[in-house]
Each structure stands twice: as structure tokens, then as C-alpha cells.
Amino acid sequence: MRRCLLLALVVAMGLFLSVGDVGGQKIGGKLIIAQGTDAESVDPINFTASPTASIMEHIIQTLVRLDIEEERGELKTEPKGVLAESWSVSPDGKTWTFKLRRGIKFHDGTDLDAATVKLSLERALHPDCAAPFRSAVLGRLAYSPASLTTGTVADKNAIVWRANLLLGPEGNNVSVALVAGPSLSVSVSGSAITVTIPTGTTAAAVIKAVNENAAANKLVWASNAPGSDGSGAVTPVPATRLSGFATSVEAPDPQTVRINLASPFAPLLQHLAHTAATIVSAKRVREAIAAAPPCGKGLQDKVEGTGPFMLKEWKRGERMILVKNPNYWEKDAAGRPLPYLDELEWRVIPDDAARMIELEKGTVHIAVRVPPLDVPRLQRDPNIVLDFTTSVRTIYIGMNVRDRIPDKPDGAPNPLADKRVRQAINYCVDKEAIVKTIMGGQARVSDAPIVPQVFGYSRVEPYPFDPARAAALLREAGVTLPLKLKLHHPRGRYVRDVQVAQAIQAMLGTCRIEVELIPMEFVSFLALINKAPSEAEHQLYLLGWGTITLDADYGLYSLFHSSQWPPGPFNRGYYKNDRVDTLLQQGREESDPTKRKAIYAEAIKIIWEDAPWIFSHSESQITGIRKNVKNAEVHVTERLILWKTWLE
């Protein structure tokens, strides 16, 4: 739901630069936003959280966006063109054609064209780039770089050679040869790579030598094949070409992008509106890949987009400042240049109370995630208005369900691998009490892994608070009490996240489950839980997920399909159920809405029974805004939209 805040004039002294007045809108000034966490990155292939996306969408843009309105409790979506001015779909639903707007330039002065769109999307899809949202957002788009596998997994010497992203179909012309010789060396001639290998050279040594060779990097990136650790000795391989380049994304002319799908996918536009599908300057991408192959990770600190603001300064853990793009393409309804503001500053203030104090003092203009218990006091402040906006975010406590932690032979046995233990933990937690006391009634007890406004939602009876039932399940599972567990959680990322974790700790304690709380800064927290199961040490972890496409595919596939285990994707408890995998894949491929609903209903029922989460609650967005802030938009996807905002 969008809220346009057109309220009485109150000037917060010292917060803004000089301003001018154009048609009622004030031009200039600096708007300051307080949020609980810092951005992870400004690179669309290297982020996972909505606070990051809220900033990024002021710098980089997508082909389309979703305008969302709430009508009688239901969310209605309407795709609107951003970089694409129009689009069409073939009668069979498999081919989408987008026409780009003309005259749009990136911050570095280069032009937007179809080849740039193609490069950005293929970068997000390239397996070496390991983009977290690759499968969740763009998984229906086919993309395979030219590649070659040498050696075997059984011999632990299997190497995957993938063509440089920038080569495209020319990657099929690259060849690789391993030849016996006195010392390890790498040579490149045209498109041919020759690696000289002494007897006993390991695959790991070959990979290191190739990836440290600048000439070779222009052609390929080498890595261990899945299941191979690189410890085995390689053997000679005759010159062999890479093969298999394929892509769903075409650029038939500078203004046309064509996406070809193997089967229809109804929510494609919703997925292309995701921040992970934003378009970045091709010049900047090429420079970044040259400096940091294979995917240009340097973009995480500096990116060139087409958005209304440009990155000026980033002091990690403290603030990020964006400055107005003087050449921004979009105009307001009267044809006047946007944005109105000169600068945006995001300040990192993890502590809820401190964030609210800054809002009340007037040292920040907007504070996100207002604690519900602070609402009455803030509502009495004549200089502040509170915005209440629907959220599509579910808060949960994930559980690592592997047999051992870490999941390797010498890992510790994991009691959470037993479904009965996970169900008992759910029965030990009084979600109604959390909603009423911790969240001040500004939340909803979860009755599915996704919220009711999302297509594919199907209600399941919540786990009631039943300590006796929990005790019986723990006895049945043979658990020795007290059961000791660790719960990692962020501080300042979600509404009252620390207090929710403390409440769950206390409730589980009544069932003789002793929980050690480990609060963490959010970016470090994500790094901890974003590990392969063989390296993971977390047991319980507090997270939230916003199904911002409003389609169950994004809310379920990303979190419960076994292909989405980290590192990278989001099934951080390593849940696996073969029937759920099958259903979620069917949901992606089925185009009939009624059949999709039935598929997701069955999947949700199984997930609920398996209890890989403590299914806690869904949030409401409460945002505090100084009254001199005009036309700030709080989006249902937890983004602030500020390029049409001004200060009075």
C-alpha cells in the first residue's frame, strides 16, 4: 500500500541544505533516514536483505516495477514500466519482448541499450557469480556459459572450466589443454589455454594457477566440480573446446530485449521488478570483471545505475550518502525534473530506542521499524506522523535440520534433525503472547509460511501453546533434558527482534530447553548462517522473509526447496523433503492459477507438519516521519520511495 504524506508544515532545524520552490514542491535539501542495519552491498548480485534493496533502488533500476494498492484487505498489483516503456508476450506465454526507453544514461554517461540489459541479467545468472537470488528471482530463465569438465569426481581431480561472462557465445571457441611438463605454468595463445603440469600436480594447484593468470582469466574461470575437493592429481588432457553456451536473453536490436522461456511463467513481471534484476552500466561491469574475475565483486562498493541518486559516500556501519543524479530521465506529472532532493543519507542506528530518540529530536527525518509500544507516545508528538503500511514479511526461527552440525562425519549429533523435537519446540512457544505483548498487537500469528495477501497462501492451524504436548514429544524422541541450544539473532533488523528472541528463550526454558542467545550485527549474522551444511555451526536463527513478488513461488521455493541450500540461496536450515521439492517445481511450471493454488496448499501442509521453523508472526510496517517531509512513499515491499519527496 502506498501512502502519500501531505501534512502540515513543521521545519526541523539544521537538517537540510538550501531549497527552492517549484510549483509547491521544494527543490533541494537533504533527507536523513534512520534504519537498524547497514547495507550489505550495492551490487544486485551480492545482497539479500530489504534494507539494502531500499537504498539500491534509488541508484539502480529494473525493467519494470510493481505498483501495489490495498483494496478491502487485498493487495492489487499493476506492473509499470521503468527502463522498459512497453512489453508484450507471445500467445503461448513463452516469449516476452521488452522495448526500452530511449535517451536514458547511466551515471557514468554511457547509454542504456539492450546489450547492457542482457549483460546484467546474464551476470545474475552465471553460476560462478553465485548470486543469492539467482534461482529465486531468475530461475525460470535459462543460462549456461560455455564450459568443460576435466577429470573425475571419484579421483578428486574434476575441474569445471567456465567461459568468461563477457565472451557470451564466443566462449564455445575457447579450448583447454593439460600437457605434461617439468613445471606448472599457464600459457595463452588466442583462445587456447595450455596448462603444463608436472607429475602429481593437484587439481587445486591447477585451479589456483589458472585463476591467478590474467590472460587466462579473460577466457575462463576454473573451479572444483561439485563433489570434488581438488586434492587428486590431474592427468594430461588434449586440447578440448568448451561448449554448451545457451541463454534465454536476446538483444535483437539496441532497443529490444527478448526473454525466451521453456514454459509459461505467470509471475515473470513480478520477478523482473525485484532488485536482483536491476540493470548496471556495462562499462562498469566490464571494468569490475577485469579487476576482479570472474564476476566483478568490486561492484559491491560502487555501482553505476540509471537511478535518481548516485552513491557519494559510504562509511560502513555508520552511514551512506547519495547525491542527486542531475541527468535523471524521469519527470514529475508536470514535466519537472526529478528528484526534488539534493541528498539522501541513511544512518545506521541498531537500537530501537536510540532510533526513536533521533526521530523525536528531529536529527533524522524518517525512522523505520517503529516499536509498537512506542506508538502511543509518538502519536502525541505534533511534529511526527506514523505511517501504518501492510507488510508481506513473515518472522520465523529457522532450525538447522541436518543430522549433524556441522554436517560431516565428526560433527555433533543434532537433536533438531528429529521432526518431533521441532514440533515440540513449536508447541513450547506462545505466539499469541508474542503478538500481544512484544509486538503490541501490531502483528499477526502465522498460520502459513507466507501471509494471506500472497497468491498461493493456504491457511494451516497454528501450533497452539501446549507445553504438555511438547513434553510428550520430547520424551517420545528420547531427548535428554535439559536440551541445550543456541539461537543466533540480529539486532535492529526486524521489529523488536531482540525482545522476540528473549521471549522465545524464556518460553522454551519452561519446557527445559535451555537457549543461549547470541545477538549479532546483521551483515555478520548473514555471513554466519550463509554457509554450506558441512561448515555450518548454527542451530536456531531468527530471520524474516518478505514475499515481495506476492507469489508463493518466491515465498516457498526460495526457503524450502533443497536446491536452495547455502552458500548463496536462502534455505539456511537445509530442509529437504522430496515431495515438497516436486510440488514447488510443479508450482513453477504450472500456468493454471487454480492448479497452482492446490499445489501450494499441499506443499504448505507438508512443510507445516515437518516444522523446519518456529512459525512465529507476520509484521506490520510502522514508520515514523517528521511532518515537514512531503510525499514519502512507504511501499508494501518495505522500500522507501523518495525520489518524489521534498522537505518544507
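Can you tally the net charge around residue 204? Count Lys and Arg as +1, Asp and Glu as -1, for every other residue whose Cβ sits under 11 Å from the Cβ of residue 204.
On the way: positive: 156, 208; negative: 229.
It works out to a net charge of +1.
For residue 570, nonlocal amide neighbours, meaning residues 5 or more places apart or on other chains whose placed amide H falls under 5 Å from its own, do not occur.
Which order do the peptides 60-69, 276-285 take when ranked by the mean count of other beta-carbon atoms within 10 Å per residue, highest first? Show your work: numbers first, answer last.
Working: 60-69: 20.5, 276-285: 23.5.
The densest-packed peptide leads the list: 276-285, 60-69.
Maximal additional length on extending the residue 208-residue 591 stretch stands at 133.4 nm, based on 0.36 nm per residue less the C-alpha distance. In a shell of Cβ-Cβ distance under 13 Å around residue 290, excluding residue 290 itself, what net charge do Lys and Arg (+1) and Asp and Glu (-1) give? Once all neighbours under 13 Å are counted, the net charge is +4. Take every Cα pair under 8 Å whose residues are at least 6 apart in sequence, average their separation, divide by the length of the stretch 341-457, and the relative contact order is 19 percent. Based on the alpha-carbon gyration tensor of the stretch 291-380 and its eigenvalue square roots a ≥ b ≥ c, which shape applies: rounded if a/c is under 1.5, prolate if not and a/b is larger than b/c, or oblate? In terms of gyration-tensor shape, oblate. In order along the stretch 151-164, phi translates into HN-Hα couplings of x, 9, 5, 4, 8, 6, 10, 6, 10, 9, 10, 10, 5, 3 Hz, rounded to whole numbers, per the Karplus curve 6.51 cos²θ - 1.76 cosθ + 1.60 with θ = phi - 60° and x for Gly and Pro.
In terms of packing, defined here as the mean over residues of other Cβ atoms within 10 angstrom, the peptides 338-346, 232-240 line up highest first as 338-346, 232-240.
Work out how much length residue 302 to residue 353 would gain on full extension: take 0.36 nm times their residue separation and subtract the Cα-Cα distance, in nm to one decimal.
Values: separation 51, 0.36 × 51 = 18.36 nm, distance 3.17 nm.
Extra length from residue 302 to residue 353 when fully extended: 15.2 nm.
Estimated from the Cβ-Cβ distance and a Förster radius of 35 angstrom, the FRET efficiency linking residue 484 and residue 153 is about 0.40.
Around the amide H of residue 514, modelled in the peptide plane, lie the amide H atoms of 483, 484, 485, all under 5 Å away and 5 or more residues distant in sequence or on another chain. So for the stretch 120-200, averaging the separation of alpha carbon pairs under 8 Å that are six or more residues apart and normalising by length, what relative contact order in percent results? RCO, the stretch 120-200: 19 percent. Computed from label points 7 Å out along Cα-Cβ, the spacing between residue 189 and residue 403 is 5.2 nm.
Counting protein heavy atoms only, the stretch 491-616 has 49 percent of its accessible area on carbon and sulfur, 1.4 angstrom probe. Shown in residue order for the stretch 241-255 are the 3J(HN,Hα) couplings computed by the Karplus curve 6.51 cos²θ - 1.76 cosθ + 1.60 at θ = phi - 60°: 7, 5, 7, x, 4, 8, 8, 8, 9, 10, 10, x, 7, x, 10 Hz (x for Gly and Pro).
Taking amide H atoms as placed 1.01 Å from N in the peptide plane, the amide H of residue 220 lies under 5 Å from those of 164, each 5 or more residues away in sequence or on another chain.
Summing charges over neighbours of residue 420, with a neighbour being any other residue whose Cβ is under 13 Å away from its Cβ, gives 0 when K and R count +1 and D and E count -1. Each residue, residue 108 and residue 170, gets one label point 7 Å from its Cα in the Cβ direction; the gap between the two is 1.8 nm. Label-to-label distance, residue 241 versus residue 256, with points set 7 angstrom from Cα along the beta-carbon direction: 2.8 nm. A P(r) calculated from all alpha carbon pairs of the chain, with 20 Å bins opening at zero, reads 18, 49, 30, 3, 0 percent. Counted residue by residue at 0.36 nm each, then reduced by the alpha carbon distance between them, the extension gain from residue 514 to residue 461 reaches 16.4 nm.
Mean residue ellipticity at 222 nm, helices only, the chain: -6000 deg cm²/dmol; runs of at least 4 DSSP H residues each add -39,500 (n - 2.57), and the sum is divided by the number of residues. Annotation: per residue accessible area for the chain equals 38 Å², rounded to a whole number [probe 1.4 Å, protein chains only].
Ignoring ligands, DNA and RNA, what percent of the accessible area of the stretch 371-443 is carbon or sulfur (1.4 Å)? Intermediate values should be presented prior to the final figure.
Numbers: 1350 of 2790 Å².
Of all accessible area on the stretch 371-443, carbon and sulfur atoms account for 49 percent.
The listed peptides 621-629, 427-435, ordered by packing as a protection proxy, come out as 621-629, 427-435 (highest mean of other Cβ atoms within 10 Å first). Contact order, relative form, for the chain: 20 percent (alpha carbon pairs under 8 Å, 6 or more residues apart, mean separation divided by residue count).
Taking a ≥ b ≥ c as the square roots of the eigenvalues of the alpha-carbon gyration tensor, the stretch 584-647 is classed oblate because a/c is 1.5 or more while a/b is no larger than b/c. If you sort the three axes of the alpha carbon gyration tensor as a ≥ b ≥ c, you get a/c of 1.5 or more for the stretch 178-288 and a/b above b/c, which makes it prolate.
Couplings 3J(HN,Hα) for the stretch 213-218, derived from phi with the Karplus relation 6.51 cos²θ - 1.76 cosθ + 1.60 (θ = phi - 60°), are 9, 4, 5, 5, 4, 5 Hz, where x marks Gly and Pro. Cross-link partners for residue 630 among the aspartates and glutamates, with Cα-Cα distance under 12 Å and sequence neighbours closer than 8 places in the same chain left out: 648. Carbon-plus-sulfur accessible fraction, the stretch 220-330 (probe radius 1.4 Å, protein heavy atoms only): 53%.
The values are calculated or read from the model by the stated rules, or taken from the named source; none is laboratory data. If you're wondering where the values come from, they're calculated on a predicted model, not measured in any experiment. Quick reminder, even Gly has a Cβ in these numbers, built from the backbone with ideal geometry, and neighbours come from all protein chains shown. Note: areas computed on protein heavy atoms with side chains; ligands, DNA, RNA excluded. Shrake-Rupley method; radii C 1.70, N 1.55, O 1.52, S 1.80 Å.
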